[in-house]
Amino acid sequence: MARPRVCVIRAPGTNCDVETAHAFRLCGAQAERTHLFALLREPRRLHDFQILCIPGGFSYGDDIGAGVIFGTQLRVHLADALAEFLQRDTLVLGICNGFQVLVKSGLLPDGPGGLSKGGGGPSRRRVTLTWNDNGRYTCRWVSLRVDNPRNAFLRNLETLELPVAHAEGRIAVSRSDLLPRWRANGQIALSYTWHTALLGTTLPAGPNHMAASAGGRPAAASGGTAAAEVSVLPYPHNPNGSVGNIAGLSDPSGRILGLMPHPERYLFAHQHPRWTRGDAREPGDGMALFRNAVDYYA
Amino acid sequence: MNTRTKTPDVTVWEVEVRPTKGEIDREAERVLAESRNMGLRSVRRVMSARSFLLEGRLDAPAVQRAAEELLADPVVESYRVRCAAETAQDEPVPEGLRLLNVLFHPGVTDNVGESTRRALVDLGFEVGAAATARKYWINDDISDRDFARLCRRVLANEAIEHIVIGPLHLHRLHVGGEYRFQKIVVPLRDAEDETLLRISREGGLSLNLQEMHTIRDHFREVGREPTDIELETIAQTWSEHCSHKTLTGPVVYRDEHGEQRFENLLKETIFAATQTLRRQWGRRDWCVSVFRDNAGVVRFNERYDVCFKVETHNHPSAIEPYGGANTGIGGVIRDPLGTGLGAKPVCNTDVFCFAPPTFPDEQLPPGVLPPRAVIRGVVAGVRDYGNRMGIPTVNGAVYFDDRYLGNPLVYCGNVALLPVGKHEKRVEPGDLIVVVGGRTGRDGIHGATFSSVELTEESETASGGAVQIGNAITEKMLLEVLLQARDRGLYHAITDCGAGGFSSAVGEMGAETGAEVWLEKAPLKYSGLSYTEIWISEAQERMVLALPPENWDAFRRLCEAEGVEAAVIGRFTNTRRLALFYDGRQVGDLSMDFLHHGRPRIVREACYRPPATRPLVPATTTDWGPTLKRILGSWNVCSKEWIIRQYDHEVQAGSVVKPLVGRTEDGPGDAAVLRPDLQSRRGIAVACGMNPLYGDLDPYWMAASAIDEAVRNCVAVGADPERIAILDNFCWGNTERPETLGSLVRAATACRDIALAYGTPFISGKDSLYNEFSYQRPDGSRETVVIPGSLLISALGQIEDVDRAVTMDLKRPGNRLLLVGETADELGGTHFALVTGASGGRVPRVRAKLARRIFASTHHAIRDGLVAACHDLSEGGLAAAAAEMAFAGAIGAELDLTPLAEATGLRNEATLLFSESNSRFLLEVAPENLHAVRERFADLPVVELGQTTDAGRLRIRGLRQTWIVDESLDELKNAWQQPLDW
């Protein structure tokens, strides 16, 4: 079997690189943790890899905004190298901060075209990942629906349970026609859905939780950015108030995926919050994403 | 002025970034909410902006471009650019509003400002300096009184920030100044006592008269006057914070059993217990390095040892909660990193003590921050540092008591993995002294001596220099290069730069060899620091290495590749002297022997008089449900989900039992379980125990109970009770008072006794004394508030296979509920007493021999897979434990007190329900396992109390066969969740 080479980039403040590389290795890939500075010095290094992964963390402290400085580095210094990289049959995965970096750089949602100077630069950006509706960092598990099972990382998947851990995970858009377009292009990859743990119980689900039966509310209420066709699920099902309940976005080719939840944190049953109740699967749901990426080269 | 054709002059620009219409202005909402909480009724309208101040050769179009390319998010924010140097560019403040700017004091760490500068330079902008500010527009008919309180309490913290009203006018952002070398000599040899004390006081040295005499006599012998840097070095090294002179010094202690003399209190109690245990274990000894390095180290698996350390950062957190807690967690992470040759952090813990958030604002003494602000700041400080470092925060607790009002406690802990064989370090003469990580600034000067005195209302202003803000990313980068350098064997020894800065780090590392330091070589944040300031600065994120000269090039290249700064600031010698130079001129020359062994031994008096015992007679009622709900909703017991979810408790992917567990993932777990080595199924359990309320009745049983609680929490999740290591953290008041020290001595003797009886070694510890706050009352008298003696016991357990871990949530209807352990009439200091206002009573004791057997049997039952759920009994006793298990599992329970009454002979329902007797667990056992479990508890106290149900209620049958608790799980859970649902 082919063993694709994965470049797991770490920048100052990246902190999920070890477990993300571990996940790729468990699935049979050769994963290498590479410092961003090494790539900046020598962008040609990207030639050696089939998969590029930007893992979670707080790149550059998320100072100025989540993923902003790292994203700017990609856009300003690595745009050509990335465009070249993506001309081959390669994959890109951004998890949590990595997703924020991909969006802030412009590589998502539209692919390498969004990176280049012709794309209009950051002021033309129409989508962002910004502060959670509850205004704070939130670590908890969510249930996800796979919207595009043709995405390279999500093949044959329907639902997943994974943890989120972020402060700026809310997708906001400045134009209302983006969501229908993304949907048509298969770019909406993953959505938050009613959280399994909170269904079938009448117990209050924790501080600040609305009862699961409270129903969704129109997206427009979440802030003046454009309205969507899907009503936003209440917290904690949609943990950040993301428009259209979007948890992960893809480019139109389905080879670039960015997602807020952390697949590398659910590879084994005992990472699941309810494994002692018999509610977990072995392997964990996150393993499939890495397996799919490796199998893409089988 | 035409700016197009020539390079613009250096000037300051402001980019003001606001949420676009329709986006929530979160900072404004926070201000409004806090104002409402504080009753500032005339605060009605608030808008906010974040502001970037850029100094450089920039013109308006360039600044515009900077804003678009980097500073503002075009989807959710809008921006405005103005030249801050020109008043002509001031836009009028909107009608009816007043503009305020909050800026850091010069020199305070501004992480976002510095990142902004670097990113803009990277994009090609000519920016020399960048800073951030917050802007607020407030309705201008606000009352003067509300305005003053809003500024002080809500908008800015005077310890680190100041407010400018109206548009900002700035011509320069530059910090720092010129430094002209001048060697300062302090005439001491002929000084009278009065002068000696004045020198200590005015220099902020916190040295007492006896110590000043010793120093004077030393320099008389040497035949010259000391320099300022020499006095500072001695003061730092001899400070309570660095040397723990009280607890390692001689103490004469008197109590009801007579008089005892300790030559070294810690050595003869806590260390002694560990030494005895290690001797008993012989070749089975599993301690690796205890009480000598920055953290305690024990064996974990064949690849790794595991380290644990807990520190406090109380005084800085009282003054600036965010920065204090931030640097508290940052500091304790550097402890394991500086243990042996450096350990990799795998999880953090935090325990806080606060005044209740409901404490009335108008009763706050001067200089005291409102508890809500302290709580929010401390939680945010731990969150922002721990999360950024990528270290999961997995365990903690919060205790509330009015006596923590002016002196909150912030305990931060870190567990780390150290490869087997890397626990020894040894400085060689000739090694370079290398500082790596953050730069040195004026921040944190006198932190060590400041934390060795009590706080007063002046502290907020007088100690501003001791308050800092950390930079987690700098520390994360430092961690990455150090672990690589360790694995390549590039250095001989490492230690952290904590309290006392270089003076402590180099002084300690070179204690056996000698050291020569070239102070001008230290990289500085800004110019203008004197040689003494460089030497004692407590700037964060710095580590000191002893590096063989031949490895310097390799180490420098490694640092450069990752953007980490390193500099050689001296070398270790074989002179046993500490020689300090600035630009080639000698400014200090001290004998290491005098520095480390010259401190006078001060004999402290300690006494303890047990308070008169009074019986506690509980009220009677036919319905204990309301009391149970009051206990569940009490500050100490209630859900801490608001805090827990702000911490990343999953990063590193080792999480096995999370802090919140159960059917809806929000019940209170007893201890966190992690798998720190992804290659192994062996796990660690992390837990804590503390109960200051018991200490008011008897510090001995308080300490014993805290150990019991920490140990039983580990056992409850499946840890092996024979492999639990513990840490002590004593936070006490001023121990110069014999009765305050007496209560500490009493607690320390309990630590010795219980550690020995349980076979549970202490492996490290720390004390923080002088936790008091004194202020002047309106009538002119002075009032001193002393914290309750607060002993935190932190436990590090091990579990052979994480697959055997259990959680406390009930699993399914039809299972049996077993209470194991002995219930006694012990309501003194309990939460039952607290919520019913009862006083007196017997404080919970520890029956150590029995406890050890119960822990062993419980562990065997869990290990053998016989237990569906296990929860320890702590605050609120049996009733609270049953309620928590039921609502966490969304499974009902029916219990009957009669079998417990028969087994114990206790006839009082309140005692049976709420006694907090130690060493007890409530187990859920499937009917088919009942026999096997009972076998494991043969001849131990175990009582079957009832079963689990699908009714969604907790029902407890009393001794007259009626339901004395009959509550829906929803209501119980709601009572538990509501108080801190912020």
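Numerical summary
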| read-out | value |
| --- | --- |
| Residue count, the range B:833-855 (criterion: open to solvent by 30 Å² or more (accessible area, probe 1.4 Å) and farther than 26 Å from B:GLY958 by Cα) | 5 |
| Residue within the range B:842-850 that is within 14 Å of chain A (Cβ to nearest Cβ) and touching a residue at least 24 places away in the same chain (Cβ under 8 Å) present | no |
| In the range B:460-477, residue farthest from B:GLU550 (Cα to Cα) [restricted to those that are surrounded by 24 or more Cβ atoms within 10 Å (Cβ to Cβ) and at pLDDT below 85] | B:SER463 |
| Residue in the range B:628-648 that is within 14 Å of chain A (Cβ to nearest Cβ), within 20 Å of the chain's Cα centre (by Cα) and among the β-branched types (Val, Ile, Thr) present | yes |
| Unmet requirement for A:CYS139, which otherwise passes all of (1) facing another protein chain (nearest Cβ under 8 Å); (2) modelled with pLDDT of 95 or more; (3) part of a helix (DSSP H, G or I) | (3) |
| Answer residue from the range A:166-184, given it is assigned to a strand (DSSP E or B) and among the hydrophobic types (A, V, I, L, M, F, W, C) and is surrounded by the most Cβ atoms within 10 Å (Cβ to Cβ) among those | A:ILE171 |
| Filtered residue count, the range B:6-33, keeping only those that are part of a loop (DSSP other than H, G, I, E, B) and charged (D, E, K, R) | 5 |
| B:GLU114 within 14 Å of chain A (Cβ to nearest Cβ), open to solvent by 20 Å² or more (accessible area, probe 1.4 Å) and charged (D, E, K, R) | yes |
| Residues that are within 11 Å of chain B (Cβ to nearest Cβ) and either open to solvent by 10 Å² or more (accessible area, probe 1.4 Å) or modelled with pLDDT under 95 (or both), drawn from the range A:147-165 | A:GLU161 |
| Test set (1) over 16 Å from the mean Cα position of the chain (by Cα); (2) more than 22 Å from B:ASN636 (Cβ to Cβ) - B:GLY386 fails condition number | (1) |
| Matching option when the condition is away from every other protein chain (no Cβ under 14 Å), open to solvent by 20 Å² or more (accessible area, probe 1.4 Å) and either over 29 Å from the mean Cα position of the chain (by Cα) or not hydrophobic (A, V, I, L, M, F, W, C) (or both), among B:GLY489, B:GLY507, B:GLY501 | B:GLY489 |
| Members of the range B:420-437 that are open to solvent by 20 Å² or more (accessible area, probe 1.4 Å) and touching a residue at least 60 places away in the same chain (Cβ under 8 Å) | B:VAL420, B:LYS422, B:HIS423, B:GLU424, B:LYS425, B:ARG426, B:VAL427, B:GLU428, B:PRO429, B:GLY430, B:LEU432 |
| Helices (runs of 4 or more DSSP H) fully within the range B:638-743 counting 3 or more residues that are touching a Leu at 6+ places or on another chain (Cβ under 9 Å), modelled with pLDDT of 95 or more and surrounded by 24 or more Cβ atoms within 10 Å (Cβ to Cβ) | B:699-717 |
| Any chance B:VAL102 is at negative phi, within 14 Å of another protein chain (Cβ to nearest Cβ), open to solvent by less than 40 Å² (accessible area, probe 1.4 Å) and among the hydrophobic types (A, V, I, L, M, F, W, C) | no |
| Subset tally (residues that are hydroxyl-bearing (Ser, Thr, Tyr) and open to solvent by less than 20 Å² (accessible area, probe 1.4 Å)) for the range B:342-381 | 1 |
| Residue within the range B:864-871 that is out of contact with any strand residue (DSSP E or B) (no Cβ under 8 Å at 6 or more places or on another chain), within 14 Å of chain A (Cβ to nearest Cβ) and open to solvent by 20 Å² or more (accessible area, probe 1.4 Å) present | yes |
| Filtered residues of the range B:155-196 (kept if part of a helix (DSSP H, G or I) and under 33 Å from the mean Cα position of the chain (by Cα)) | B:LEU155 |
| Hits in the range B:23-77 (condition: under 33 Å from the mean Cα position of the chain (by Cα) and without any contact (Cβ under 8 Å) to a residue 40 or more places away in the chain) | B:ILE24, B:ASP25, B:ARG26, B:GLU29, B:ARG30, B:LEU32, B:ALA33, B:ARG36 |
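Every residue, every condition in (1) at pLDDT below 90; (2) over 28 Å from B:THR532 (Cα atoms); (3) among the hydrophobic types (A, V, I, L, M, F, W, C); (4) in contact with a strand residue (DSSP E or B) (Cβ under 7 Å, 6 or more places away or on another chain), yes or no:
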{"site": "B:ALA129", "(1), (2), (3), (4)": "no, no, yes, yes"}
{"site": "B:HIS162", "(1), (2), (3), (4)": "no, no, no, yes"}
{"site": "B:PRO167", "(1), (2), (3), (4)": "no, yes, no, yes"}
{"site": "B:ARG172", "(1), (2), (3), (4)": "yes, no, no, yes"}
{"site": "B:ARG180", "(1), (2), (3), (4)": "no, no, no, no"}
{"site": "B:ILE184", "(1), (2), (3), (4)": "no, no, yes, yes"}
{"site": "B:LEU196", "(1), (2), (3), (4)": "no, no, yes, no"}
{"site": "B:SER206", "(1), (2), (3), (4)": "yes, no, no, no"}
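The values are calculated or read from the model by the stated rules, or taken from the named source; none is laboratory data. Quantities reported herein were computed from a predicted structural model and do not represent experimental measurements. Because the Cβ atoms are built from the backbone with ideal geometry, glycine has one as well, and the counts that use them run over all protein chains shown. For accessibility, only protein heavy atoms count, side chains too; no ligands or nucleic acids. Shrake-Rupley method; radii C 1.70, N 1.55, O 1.52, S 1.80 Å.
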